[in-house]
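For reference, the structure I am asking about is given below.
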Amino acid sequence: MIQVMSAPTNSPAPKNAMASILKLIRGFELLVVVALILLMVVVVALATIELVVVLWAQVRTEPFPMIGLSELLSLFGYFMMVLIGLELLETIKNYLTENSLHVEIVVLVAIIAVARKVIILDMKELEPMTLLGISCLLISLSLGYWLLKHAHTRPHISADGKDPPAAKEH
């Protein structure tokens, strides 16, 4: 009969192994986040350069100071794309510095992305149900963002169950 000896569960060896694995995972996570930041910087820089090139090309065409409506909508789309990139960069930066993901920023990026889509859409070509869906999406995202922003400002009830006294205005 062979007896298998098992290590006690409270021994330091499994704790050290777990700590090593967690340290390895954290290092890998840090490497990925830094790579994402660098890639996002490149993407935002390229999008900004493309915006400048497109804007310069539009300004140089005849008639000189006039930009057509479709070109203007296209330029707004480029602006919004750069803003989306900057917001994503902010999200990744916050994850790196605070090791947490801010849902408010993610929802804000979604709002900007949908707003960008609305700006560049040709409304005459869309079906009414598509427009209704886009409007419901924007309203839902905006309401969610508002709720997230105001979730921390709600007055707390004191231990005795009464509402706290209102702040005095000066």
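Just so you know, all these numbers are worked out from the coordinates, no wet-lab data involved. Only a predicted model underlies this, so the values are computations on that prediction, with no experimental measurement involved. Here the Cβ is made from the backbone with ideal geometry for all residues, glycine too, and neighbour counts use every protein chain on show.
Volume per residue, Å³, of the convex hull around the alpha-carbon atoms of the range 54-122?
Working: hull volume 5.2 nm³, N = 69.
That works out to 75 Å³ per residue.
How big, in percent, is the set of alpha carbon pairs in the range 20-150 lying more than 19 Å apart?
Values: 5416 of 8515 pairs.
Roughly 64 percent, rounded to a whole number.
Using a 10 Å cut-off around each Cβ, can you sort F76, F28 from fewest to most neighbouring Cβ atoms? Working shown, then result.
Working: F76 14, F28 10.
With the sparsest Cβ surroundings first, the list reads F28, F76.
Another question, if that's okay. What's the local net charge at T130, with K and R +1, D and E -1, over the other residues with C-beta under 14 Å away? Let's see the in-between values first.
On the way: positive: K117, K124; negative: D122, E125, E127.
Cβ neighbours under 14 Å give a net charge of -1.
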